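Working notes, structure below.
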Amino acid sequence: MQLVIHNLGYPRIGAKRELKRALEHYWRSETSTEALAGAACALRLRHWQEQGSRGVQMLPCNDFSYYDQMLDTACLFGNVPARFGSLPDRIDLDTYFRIARGQARSNEAAAVPAAEMTKWFDTNYHYLVPEVGPDTRFRLASDKIFVEFEEARAAQPEATPTPVLIGPLTYLKLAKTHEGIAFAPLSQIDRLTEVYLEVLERLEGQGAQWVRLDEPAFSLDLNAEERAGVRRAYERLAGGLKSLRLIVANYFGPLGDNLPTFFALPVQGHHVDAVRGREEVDAVLEALPTGRILSLGLIDGRNVWRADLVDRLALAQKALDRVGAERLWLAPSCSLQHVPVSLEPETELPDGIRSWLAFAHEKLEELQTLRAALLGDVAALEAVEASRRLQEQRRQSPCLRNPGVHERLQGLQADDFQRQSPFRERIATQQAHLTLPPFPTTTIGSFPQTDEVRAQRGRFRKGEIDEAAYHEFLREETVRCLRTQEEIGLDVLVHGEFERNDMVEYFGEQLDGFAFTRFGWVQSYGSRCVKPPLIYGDVSRRQPMTVEWSRFAQSQSTRPVKGMLTGPITILQWSFVRDDQPRRDTAFQIALAVRDEVVDLEEAGIRVIQVDEPAIREGLPLRRSDWKAYLQWAGEAFRLSTSGVEDGTQIHTHMCYSEFNDILPSIAALDADVITIEASRSNMDLLQAFVDFRYPNDIGPGVWDIHSPRVPSAEEMVRLLRRAAEVVPPERLWVNPDCGLKTRRWQEVKPALSHLVAAAHRIRG
Ligand code: GLN
Ligand code: ZN
């Protein structure tokens with residue numbers, strides 16, 4: 001077949017989040033394993049059908065996951081940490097969930113700490129970090145990939161089901177070793193490759209024609225050992241296989257200096273990201289060995305704007321001229337798991353904006369159009385022309401431009417990016433009126449979003465209750481939350497964020513330049529999905545966004561209640577951002593809006609204001625050489641948003657999954673008075689960085705992993721705090737959970753926070 005359409009992966013959670021529901025029922029012990037497996041299988045079948053009907057020939061299978069594809073890979077190789085006990089021959093679903101969540105079902109007694117979770121490259125998707133040490137031994141321990149291959153083959157006999165697997169380099173590069181051991185997981189690559197070979201041989205025996213190995217690690221900096229290791233691994237695989245063909249895929253960035261290694265791998269096909277790697281397509285065409293397949297990632301799998309098909313067609317044509325129609329595959333740049341399923345149900349988006357968008361279905365249709373156009377189809381060529389006109393129309397649209405915002409940005413001075421006095425002076429002023437005990441306790445912001453909270457919001461949105469009734473409900477909920485925190489004995493309170501659906505959406509809805517989908521869900525981790533806003537135009541604040549709620553909350557307590565805002569980088573990072581101006585410019589526009597809000601909160605008497613930046617780390621470019629520029633503007637955006645206040649107003653920030661070690665100076669340069677960070681799941685590993693770099697301001701390393709339903713004991717938290725106190729001056733330490741509590745339940749939150757306060761008391765003593 002000529003010009004095959006190759007899809008790298010499909011959103012697996014379901015257009016209506018069917019998988020989320022099925023998983024959560026299962027975890028609450030409301031359904032059987034069979035019911036969960038049935039729901040999952042029905043989704044896979046539907047998803048293959050939806051891809052097949054959009055011309056996908058190379059049909060991904062094993063891209064489905066009950067939780068995460070890295071965890072699937074770990075289970076395939078039996079790479080399960082010893083704390084999960086001795087394992088059966090094939091790892092069962094409950095063990096799988098225990099690794100992911102610490103607990104398979106809510107009624108389960110013996111819970112264990114879950115595996116660490118972190119962000120997948122620079123996406124907002126989280127994977128479970130494999131643990132690989134010197135003693136790790138691999139074995140084939142799951143049949144998932146074989147089963148799903150059979151399923152796909154039966155479901156779409158016309159297509160070529162292509163099992164996909166994370167490749168050995170990427171798997172080991174993203175793995176971690178237990179603290180305190182000098183050991184590179186990569187040194188296990190030869191052992192691991194033997195089990196890869198076993199898997200591939202079995203797929204070969206099943207009649208698979210192609211297997212794709214995903215190696216996005218090629219978008220990262222690789223050292224000589226890694227390059228040599230990956231070559232050895234693929235040589236071993238090539239030597240062991242007979243008829244099965246391998247395609248190796250890089251995505252999320254250009255290959256850069258890894259390009260020669262990538263094309264030296266003895267495989268039959270290569271996938272490259274021609275969106276982020278657009279500039280190197282010529283070099284790719286030059287380097288591609290004769291006879292190999294080139295899968296060209298033409299359509300952006302990371303953003304939702306319609307492609308400029310004129311540009312894409314020219315690129316594809318160039319590749320076609322070079323490699324020929326038999327050997328060119330057309331593909332999205334990466335898996336479509338990072339975009340929503342379909343634009344079809346989005347009937348409430350303004351028409352203009354809707355016409356600018358493409359979700360997974362529309363992206364596959366763009367590939368079909370490109371394919372037809374390359375084959376000379378007249379209607380397709382017209383559609384390509386029309387896409388260019390649409391780009392023009394979007395760029396010229398008046399709803400993109402707000403001259404006032406541009407003027408303000410032009411007028412910014414150095415002072416606008418700096419607090420009035422240095423931290424030492426500020427903290428003294430703050431302490432004088434906050435009068436907090438040593439090791440002050442606080443939480444990150446949200447409290448459980450119960451079924452009741454969600455139901456009331458739903459009723460309000462549907463117009464079943466009016467705003468007065470809804471707000472009355474929210475006030476009661478807020479007051480109850482404040483009382484609970486006072487009873488538990490926390491020092492700095494929060495209002496609980498019950499009025500917020502999502503920490504980015506809540507602000508986006510109140511800002512100009514944003515649009516929202518109704519069903520545009522994207523998986524974040526496990527069953528958790530987010531609905532990223534679309535930033536299509538210049539951003540500005542219409543009016544105060546949180547002041548009324550904060551004022552109300554503070555009026556209900558004599559203890560300080562934190563004002564709670566989302567920072568500019570996080571709003572940027574968790575949205576689909578316009579691609580017609582640099583991200584930095586959009587970040588600064590958001591920063592101005594946040595700045596105005598911070599100043600208004602201070603004026604309303606709020607003395608502690610938290611500007612959350614959980615996403616600052618994940619926004620780091622994949623290549624170290626690009627870090628400096630990013631950290632510079634990201635830091636400026638944060639400081640622009642927080643520097644409008646007096647010394648006595650305490651600015652907090654919060655960050656999730658922060659592997660800070662390399663960027664601590666930039667984090668310090670944000671100059672927040674207090675930072676709270678994730679630390680418990682990695683057993684305070686990250687504090688190692690504090691040995692090398694003296695973080696100057698206050699810090700609260702999380703002592704309770706809120707991503708798992710497990711309730712830690714006070715002793716456990718004291719232990720973590722003691723570890724923290726070894727590297728951070730005790731007078732700089734705060735006591736808090738890892739992250740917000742919205743996904744937890746009150747029955748976990750109350751005991752865990754009581755243990756946390758008890759731990760603080762004990763360490764004060
Ligand atoms: N304030 C937010 C909350 O508590 C922070 C969430 C986050 O870091 N992701 O929910
Ligand atoms: Zn967090």
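The values are calculated or read from the model by the stated rules, or taken from the named source; none is laboratory data. Bear in mind that the values here come from a model prediction, so they are computed numbers and not experimental data. Glycine also receives a Cβ, built like all others from the backbone with ideal geometry; neighbour counts cover every protein chain displayed. Keep in mind that these areas ignore ligands, DNA and RNA; they rest on the heavy atoms of the full protein, side chains included. Shrake-Rupley method; radii C 1.70, N 1.55, O 1.52, S 1.80 Å.
Tabulated data for the structure shown
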{"item": "Shape of segment 485-560, Cα gyration tensor, a/c cut at 1.5", "result": "oblate"}
{"item": "Amide H contacts under 5 Å for SER557, placed H, 5+ residues apart", "result": "none"}
{"item": "FRET efficiency, 1/(1 + (r/R0)^6) with R0 30 Å, evaluated for ALA264 and LEU381 via beta carbons", "result": "0.20"}
{"item": "Within the chain, percent of DSSP bridges classed antiparallel, to nearest 5", "result": "20"}
{"item": "Paramagnetic label zone (point 7 Å from Cα along Cα-to-C-beta, ALA35; backbone N under 18 Å) in segment 71-97", "result": "93-94"}
{"item": "Between helix 714-727 and the chain: long-axis angle, C-alpha atoms, 0 to 90°, nearest 10", "result": "90"}
{"item": "Approximate spin-label separation GLU646-GLU476, in nm, with each point projected 7 Å along Cα-to-Cβ", "result": "3.8"}
{"item": "Euclidean distance of C-alpha centroids, segment 276-297 and segment 1-56, integer Å", "result": "31"}
{"item": "Interchain or long-range residues, amide H under 5 Å from ILE5's placed H", "result": "GLN57, MET58, LEU330"}
{"item": "Extension gain from ARG623 to ARG454, taking 0.36 nm per residue of separation minus the Cα-Cα distance", "result": "56.8 nm"}
{"item": "Portion, in percent, of the accessible area of segment 24-180 that falls on carbon or sulfur, probe 1.4 Å", "result": "52"}
{"item": "Surface share of carbon and sulfur [accessible, 1.4 angstrom probe, percent] for segment 374-491", "result": "50"}
{"item": "Loop-located GluC sites (Glu not before Pro) in segment 161-260 whose Cβ has at most 11 other Cβ within 10 Å (DSSP)", "result": "GLU179"}
{"item": "Three-way shape call for the chain based on the alpha-carbon gyration tensor, with the a/c threshold at 1.5", "result": "prolate"}
{"item": "Percent accessible area from carbon and sulfur atoms, segment 277-321, protein chains only, probe 1.4 Å", "result": "47"}
{"item": "Crossing angle, helix 378-396 versus the chain [Cα axis fit, 0-90 degrees, rounded to tens]", "result": "20"}
{"item": "Extension gain, LYS242 back to HIS406 (0.36 nm per residue minus Cα-Cα distance, nm)", "result": "52.9 nm"}
{"item": "In degrees, nearest ten, helix 360-374 long axis to first principal axis of the chain (Cα)", "result": "30"}
{"item": "Centre separation in Å (Cα based) which lies between segment 228-251 and segment 334-400", "result": "35"}
{"item": "Peptide ranges 635-641, 93-99 listed from the most packed, as the mean C-beta count within 10 angstrom indicates", "result": "635-641, 93-99"}
{"item": "Pairwise label distance in nanometres, THR743 with ARG483, each label 7 Å out on the Cα-Cβ vector", "result": "3.0"}
{"item": "Å² per residue, accessible surface of the chain at 1.4 Å", "result": "36"}
{"item": "Cα shape, segment 590-653, gyration tensor, a/c 1.5 rule", "result": "prolate"}
{"item": "Percent RCO, i.e. relative contact order, over segment 1-147, from Cα pairs under 8 Å lying at least 6 residues apart", "result": "25"}
{"item": "Ranked by how many other beta carbons lie within 10 Å on average, peptides 643-652, 617-626 from highest", "result": "643-652, 617-626"}
{"item": "Difference of contour (0.36 nm per residue) and Cα-Cα distance, GLN688 to VAL310", "result": "131.0 nm"}
{"item": "Mean separation of Cα contacts under 8 Å (6+ apart) over length of segment 587-652, as relative contact order %", "result": "59"}
{"item": "Cβ-based charge dipole, the chain, positive-most Cα from VAL479, ILE571, ASN62", "result": "ASN62"}
{"item": "Sum of side-chain charges, ARG542 neighbourhood, beta-carbon under 12 Å (Lys, Arg +1; Asp, Glu -1)", "result": "-3"}
{"item": "The chain: relative contact order in percent, alpha carbon pairs under 8 Å with at least 6 residues between", "result": "12"}
{"item": "Placed amide H near PHE121: partners under 5 Å, 5+ positions off or other chain", "result": "none"}
{"item": "Inter-centroid distance (Cα atoms) of segment 486-538 relative to segment 547-625, Å", "result": "12"}
